[in-house]
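See structure below.
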Amino acid sequence: MSLEKRSVFVVSDRTGLTAEELARSLLTQFPQVHFVTTVLPFVDSDDKLKDVLRQINEGGEENGSRPIVFVTFVNADYRKQIDQANALVVDVFSSFMGLLSRELNLIPSWQAGYSHGVTDQLRYNSRIDAVHFAMDCDDGVNPDAYDQADLILVGVSRSGKTPTCVYLAMHFGLYCANYPLTDDDFLDDGLPPVLIPYRDRLFGLTIDPQRLHEIREKRRPDSPYAKLAQCQLEIRRAEGMYRHHSIPMSDTSGISVEEIAATVLQRSGIHRELLG
């Protein structure tokens, strides 16, 4: 059975990332609909706005139903004009700004770029340094720097360590290293020697063996590394290590890197400060 098709536009005078994240979160609650999403960032001139209005109205005519538009404009005139489109317009900022303004007894600045701009140079530099650290300490490289790590993710190959480290660095400025568990690390019940001094910074990632098999097959088809039996063995040994040493762990099967990162932060007890 074919799904109902609906056009979605994400429109912003900046990057549109805030509106895009909100739109994605909300629309996933309606799996009966096939949403075709178009992101239109940096709409910061009359000509660009005119073109956006044209695309929105044409999208409605093409699909036979009015589009859904998520918008983050700080320009009041642009907000009024976008309301004239033949669409359901969800104004992300205005929906909440009045409530916050009344609660804080302050007038909002309505300045573009604050949510994703570099408003605090020290925090920005911290985030960039954290990303460099994640890459410098990826896949067991540079263990001499582990004493600087806020967190060390451990897990078998392809269990999601690298993207999680980079995400935590980019969004929270955390210094995250990762260490890949291999057959040599399972020769006894002990931790890999390089990790022993950092026991309290370890967090284990695990994954469903069938899912791991599918991921590895794409990377190295028909290899011993990708065989289901090998994946099952590695996961069993890794989880046994986590339990033996009371290392907190999380299953990464079928969830996004954002969800993995949130789970790691929650279970590890690390303070999360979202960087701008």
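Quick look at the values:
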quantity	calculated
Test: Ala229 is aliphatic (A, V, I, L, M), loosely packed, with under 14 Cβ neighbours inside 10 Å and part of a helix (DSSP H, G or I)	yes
Filtered residue count, the range 208-231, keeping only those that are more than 24 Å from the chain's Cα centre (by Cα) and over 16 Å from Thr182 (Cβ atoms)	5
Answer from Arg24, Arg6 - the residue that is of a type in the set (D, E, K, R) and surrounded by fewer than 20 Cβ atoms within 10 Å (Cβ to Cβ)	Arg24
Candidates Gln111, Gln55, Gln84, filtered to the one that is in contact with a helix residue (DSSP H, G or I) (Cβ under 9 Å, 6 or more places away or on another chain) and either farther than 30 Å from Glu259 by Cβ or at pLDDT 90 or above (or both)	Gln84
The range 87-107: number of residues that are at pLDDT below 90, outside any loop (DSSP other than H, G, I, E, B) and within 11 Å of Val11 (Cα to Cα)	1
Single condition Ser65 does not satisfy, out of (1) within 26 Å of Phe96 (Cα to Cα); (2) over 21 Å from the mean Cα position of the chain (by Cα); (3) surrounded by 13 or more Cβ atoms within 10 Å (Cβ to Cβ)	(1)
Residues (part of a helix (DSSP H, G or I) and surrounded by fewer than 18 Cβ atoms within 10 Å (Cβ to Cβ)) located in the range 68-78	Ala76, Asp77
So Leu151, is it modelled with pLDDT of 95 or more and assigned by TED's automatic domain parsing to the domain that holds Ser250	yes
Every residue from the range 183-197 that is of a type outside the set (D, E, K, R), under 16 Å from Met249 (Cβ atoms) and part of a helix (DSSP H, G or I)	Phe186, Leu195
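Let's see how each residue does on (1) closer than 19 Å to Val257 by Cα; (2) of a type outside the set (S, T, N, Q):
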{"position": "Leu153", "(1), (2)": "yes, yes"}
{"position": "Lys161", "(1), (2)": "yes, yes"}
{"position": "Tyr167", "(1), (2)": "yes, yes"}
{"position": "Met170", "(1), (2)": "yes, yes"}
{"position": "Asn178", "(1), (2)": "yes, no"}
{"position": "Asp185", "(1), (2)": "no, yes"}
{"position": "Gly240", "(1), (2)": "no, yes"}
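Quick grid of which residues meet (1) of a type in the set (Ser, Thr, Tyr); (2) over 23 Å from Glu259 (Cβ atoms); (3) part of a strand (DSSP E or B):
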| position | (1), (2), (3) |
| --- | --- |
| Ser7 | yes, yes, yes |
| Val11 | no, yes, yes |
| Ser25 | yes, no, no |
| Gln29 | no, no, no |
| Val36 | no, yes, yes |
| Phe42 | no, yes, no |
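The values are calculated or read from the model by the stated rules, or taken from the named source; none is laboratory data. Please read all numbers here as calculations on a predicted model, not as lab measurements. Cβ: placed from backbone, ideal geometry, glycine included. Neighbour counts: every protein chain shown.
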